[in-house]
Amino acid sequence: MFIKNRGKVVVHVNYVHAQWSSRWAFVLAATGSAVGLGNIWKFPYMVGQGGGGAFVLVYLVCIVLIGIPIMMSEVLLGRRARLSPVNTMRVLAQQEGASPGWQFVGWLGMATGFLILSFYGVVAGWTLAYVFHSASGAFAMENPQHIKALFGAFVTDPQRVLVWHTLFMAMTTLIVARGVQAGLEKAVKVMMPVLFILLLALVFYSMGSGGFDEGWEFLFKTDFDKLTPAVILGAMGQAFFSLSLGMGAIMIYGSYLPQRSSIGGSTFLIVIADTVVALLAGLAVFPIVFANGLEPAAGPPLIFETLPIAFGQMPGGTFWGTLFFVLLVFAAWTSAISLIEPAVAWLTETRGVRRVLAAVLTGGFAWLLGMLTIMSFSDWAFSFRFLGVEKTHGFFDIFELLTTNITLPLGGILIALFAGWTIRRSHSQEELKLGSLAGFEIWLFLTRFVSPVMVGMLLLYLLFGHYLNA
Ligand code: PFF
């Protein structure tokens, strides 16, 4: 099949993608993509390193002013073209008489997806291992030092981590290979609600842990002295990461969305779910941190050093702990699949590669790249400074900072500019069908001005900020 514009072939498509069975399937799948390790593993440790409430406040502002409009933009673009992000950008640019160079956004997104998945798969592997640690009763009545040592011994053993990373990447490849409805939809429907309930139970436990007031204050009391540029940049990046924005994951999911479904309403639900889960994770983790005299700024190991303490002490903790890590694996799984979906869609659509092979190729590549992260926690660890903060996990930190702070926001800015300025107003209005003109105007204003300016300023600071400080 050819996609033509004014008689000229724009892309040659071998394959027409399937669609979600309903709007709900889309909301669930996009929520599955958004809710993951980013909420439960990354959010708490970034809050811990970013000084608590100040970080949370900036994060919430970014979700509203940048996250919501950009998510709507991604879905709008994806659904309009119904192609992989690379071709979506190319075809829409053609239709609007703009440069085909816009497809760069799609390429940047694919590269970002591989980089993220490479470390995401490793951390998901840790989680998978913790299912079994937990089930074996390893946390029961253990003291915090011992639990910390257990994690330390595990992550610094590359061979053991490799086994779990491999297993997780195989699971991811399998689901992606099965395709949109059979694979992705079924995986999400059951697991999300159960994870949510379990998280509530953990918060409930934390309320009685003796550190709840301190934890609450840490999360929600804003100390404006802590509001450094590094914290602001980190919080904005985390908003992109957590909502899966800026790399085409939501765009490709949007391309499978049936025509009549509401984009505004769906976005609202996804954003609320994602934010609530992140805040609940914070409320579960920090009381445990303070009740046990632990370090909030412990970094990536944080949840693996705190939550097992709670499970070790609560009645039935072996069961609850195991269930929690199982669900966290599922949450990571439904996010991981969306990280390679843009590349898989592109391979099937333009290269005629069968879906199974495309999944194996992309999953295999991310798996290989994951070796660098595995080694960053043992023999190949090296440190460097980033915006005045000491980073000690070499390649892992580089990939994490590069994607969270640079390529996701950059992709996001370009998507906003494209949806806001390049797509004709009448076209975006027709696709979004927001119901009220005021709603549309607010979206357009945020997309055209607010998000590009906010994100742009932070990226400029990142590039030139050291001159200001010098
Ligand atoms: N949003 C996911 C999480 O919070 O765990 C991670 C992620 C998935 C980021 C998909 C980006 C993406 F495109």
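Rounded to the nearest 0.05, the FRET efficiency derived from the C-beta distance between F319 and A297 at R0 = 35 Å is 0.65. Summed over all non-identical Cα pairs, the Kirkwood treatment of segment 263-342 gives a radius of 14.6 Å. Got a sec? Which residues in segment 317-336 would a label at M141 touch, if it sits 7 Å along Cα→Cβ and we count backbone N under 16 Å? Under 16 Å, as judged by backbone N against the label point of M141, lie 317-319 of segment 317-336.
Note on F382 and L460: the extension gain reaches 25.4 nm, defined as 0.36 nm multiplied by sequence separation minus the Cα-Cα distance. Here the Karplus relation 6.51 cos²θ - 1.76 cosθ + 1.60, evaluated at θ = phi - 60°, turns the backbone of segment 280-288 into coupling constants of 4, 4, x, 5, 7, 7, 5, x, 5 Hz, with x for every Gly and Pro.
With the convex hull drawn around the C-alpha atoms of segment 62-142, the volume per residue stands at 146 Å³.
With bins 20 Å wide beginning at 0, the percent of Cα pairs of the chain falling in each bin runs 26, 58, 16, 0. Under 1.5 on a/c is rounded, so check that first for segment 203-276, then, if it is not, pick prolate when a/b is larger than b/c and oblate when it is not; a ≥ b ≥ c are the square roots of the alpha carbon gyration tensor eigenvalues. Taking the square roots of the gyration eigenvalues as a ≥ b ≥ c, segment 203-276 is oblate. The order of the peptides 168-176, 356-364, 245-253 by mean Cβ neighbours within 10 Å, most packed first, is 245-253, 168-176, 356-364. All other residues whose Cβ lies under 14 angstrom from that of S378 are scored, Lys and Arg at +1 and Asp and Glu at -1, for a net of -1.
Ellipsoid semi-axes for segment 323-395, based on the Cα gyration tensor and the rule √(5λ), read 30, 18, 12 Å when sorted largest first. Mean silhouette area of segment 171-235, derived from the convex hull of its C-alpha atoms and averaged over all directions, reads 7.5 nm².
Using the Cβ-Cβ distance between T392 and D213 with R0 set to 25 Å, the FRET efficiency from 1/(1 + (r/R0)^6) comes to roughly 0.20. Axis of helix 355-376 versus longest Cα principal axis of the chain: the two differ by about 40°, to the nearest ten degrees.
Seen from every direction in turn and averaged, the convex hull around the alpha carbons of segment 239-294 projects onto 4.8 nm². With bins 10 Å wide beginning at 0, the percent of Cα pairs of segment 17-110 falling in each bin runs 13, 33, 31, 18, 4. With the simple model of a label 7 Å out from the Cα in the direction of the Cβ, A111 to F204 spans 4.8 nm. Spacing of the modelled spin labels on F449 and K226, each 7 Å from Cα toward Cβ, amounts to 3.3 nm. Rounded to the nearest 500, the helix-only mean residue ellipticity at 222 nm of the chain stands at -22500 deg cm²/dmol, with each DSSP H run of n ≥ 4 adding -39,500 (n - 2.57).
Just how far, in whole angstrom, is segment 202-231 from segment 297-361 if you go by their alpha carbon centroids? One Cα centre to the other: 26 Å.
For segment 47-91, the Cα gyration tensor yields ellipsoid semi-axes of 33, 11, 6 Å (square root of five times each eigenvalue, largest first, whole Å). Across the cross-link table entries K42/K189; K221/K391; K186/K226; K148/K226, which are compared at the Cα atoms, the separations over 32 Å belong to K186/K226. Mind checking the angle between helix 229-242 and the chain's longest principal axis? C-alpha axes, 0 to 90 degrees, to the nearest 10. For 229-242 against the chain, the angle is about 70 degrees.
Expressed as an acute angle from 0 to 90° and rounded to the nearest 10, what is the orientation of the C-alpha long axis of helix 85-95 relative to the principal long axis of the chain? It works out to around 30 degrees. With the Cα gyration tensor of segment 265-305 giving a ≥ b ≥ c as the square roots of its eigenvalues, does the rule (a/c under 1.5 for rounded; else a/b larger than b/c for prolate; else oblate) give rounded, prolate or oblate? Note, shape of segment 265-305 comes out prolate.
Computed from the coordinates by the stated procedures, all read-outs in this text should not be read as laboratory data. In this text the structure is predicted, and so the values were computed from the model without any measurement. Positions of Cβ are backbone-derived with ideal geometry, glycine not excepted, and every protein chain shown enters the neighbour counts.
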